[in-house]
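Below is one structure, written out as structure tokens; comments come after it.
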Amino acid sequence: MRGVHLAGLVLAAGLLGAGTLGASEGMLVYFGTYTNGPSKGIYVSRFDPATGTLGEPVLAAESVNPSWVAVHPSGRFLYAVNEVADFEGEKAGAASAFAIEADGRLRLLNQTSTRGTGPCYASLDRAGKHLLVANYGGGSVAVLPISADGRLGPSSAFVQHETVGAESPKPKRPHGHSIDLEPGGRFALVADLGLDRVYVYRLTPEGGLVPHDPPFAAIEPGSGPRHVAIHPSGRFVHVLNETAMTLDTFRFDAAKGTLEHRQKVSSLPEGVSVAQGFSGAEVLVHPSGRFVYASNRGHDTIAVFAVDPDQGTVKPVQHVAMAGKTPRGFGIDPKGGWLIAGNQRSDTVSVFRIDTKTGRLTDTGRSVAVGAPVSVAFLASPAAK
């Protein structure tokens with residue numbers, strides 16, 4: 001409804017007091033959630049990387065379906081997409097901008113339309129000048145400019161993906177699921193789950209999106225590319241397919257902006273086939289570039305792969321069972337020693353230790369309650385104001 005905000009500041013006195021976030025030790029971890037259950041918005045915990053201890057989460061800001069959260073490079077702001085179909089009378093979702101307070105709380109700055117329904121993913125450029133958004137329901141992507149005070153402006157670019165084979169019995173309809181910039185910041189890679197394509201766009205300094213030539217790399221039909229993980233070197237791209245539960249590896253030419261397919265492997269253990277209720281969710285590259293991690297919903301595991309440093313191809317290392325159901329989004333701390341995963345249907349978040357030599361995960365047995373966690377974002381510490 002017009003005039004009704006989808007997010008609000010948590011003002012309860014003492015909410016972030018002793019026994020919750022504590023003082024300034026460690027780092028903060030934010031959780032994006034769905035709010036059709038116990039969750040009320042975005043939650044934050046303090047994490048101690050020396051011990052792997054995750055503090056009790058507290059509500060940082062009320063917000064409707066803030067499914068994906070992303071921290072600004074400056075550490076001063078946090079952005080969330082609100083996964084809704086209507087914003088202020090428009091058939092579109094919303095993006096919310098927050099200021100990060102010294103104690104980790106979030107103060108709403110403003111909101112703007114993503115111009116497509118059901119936004120499910122957001123990322124930022126390294127300079128923190130643009131928020132890039134994927135609209136799953138609308139099958140589109142958009143760029144939202146960020147001002148010096150952290151506020152979001154109206155979109156500087158919007159691209160609507162078109163249905164393929166509209167006249168056929170089974171047309172393929174677009175569902176933009178992620179958008180990420182390669183390390184050089186010139187090209188944005190977009191996974192469209194419905195079209196089985198990874199699109200390539202050139203991001204202009206003004207925040208425009210220009211289709212590249214060739215405009216996309218095709219994925220095997222029916223795979224459902226969901227998320228893209230770009231190697232820190234910028235030379236390789238790993239695409240996790242939701243439906244097929246496979247991992248495609250491409251060599252990326254940063255000068256030409258082209259993708260060359262190199263490998264396809266299953267994200268499930270050998271001998272395990274895709275079953276009803278199974279689907280791939282998240283994929284990340286370890287900060288060292290030596291390992292790739294992927295979450296398997298239904299099978300309820302996280303797959304670990306070793307990366308060949310020359311070819312970018314991967315080999316299975318481990319499949320770790322989750323203590324909860326439906327592992328979705330997860331995050332790796334900046335130094336690569338810990339992985340924190342959300343179990344969407346168990347309303348919990350679990351902590352795993354990473355062996356930085358082998359990539360293997362060890363379940364610490366530590367978990368905290370967060371309603372329907374969807375995404376995880378680390379912040380070393382709030383920036384000085």
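The numbers here are math on the coordinates, done by the rules we state, and not lab data. Small disclaimer: the values here were computed from a predicted structure and weren't measured. Every residue, glycine among them, receives a Cβ derived from its backbone with ideal geometry; neighbour counts consider all protein chains shown.
Taking a sphere under 15 Å around the Cβ of Arg328 and counting the other residues whose Cβ falls inside, with K and R at +1 and D and E at -1, yields a net charge of -1.
Protection proxy ranking of 341-351, 139-149, by the mean of other Cβ atoms within 10 Å over each peptide's residues and highest first, is 341-351, 139-149. Its convex hull of Cα atoms gives segment 240-309 a direction-averaged projected area, equal to a quarter of the hull surface, of 5.2 nm². Shown in residue order for segment 52-65 are the 3J(HN,Hα) couplings computed by the Karplus curve 6.51 cos²θ - 1.76 cosθ + 1.60 at θ = phi - 60°: x, 7, 9, x, 4, x, 10, 6, 7, 7, 6, 6, 8, 6 Hz (x for Gly and Pro). The alpha carbon convex hull volume per residue for the chain rounds to 134 Å³.
Shape annotation for segment 111-208: C-alpha extents along the principal axes are 49, 28, 18 Å, from largest to smallest.
Set against the 2.2 N^0.38 Å expectation for a compact globular protein, segment 55-188 has a Cα radius of gyration ratio of 1.10. Among the GluC sites (Glu not before Pro) within segment 251-341, those in coil by DSSP and having at most 10 neighbouring Cβ atoms inside 10 Å are Glu270.
Just need the relative contact order of the chain here, percent rounded to a whole number, with Cα pairs under 8 Å and 6+ apart. About 13 percent, as a whole number.
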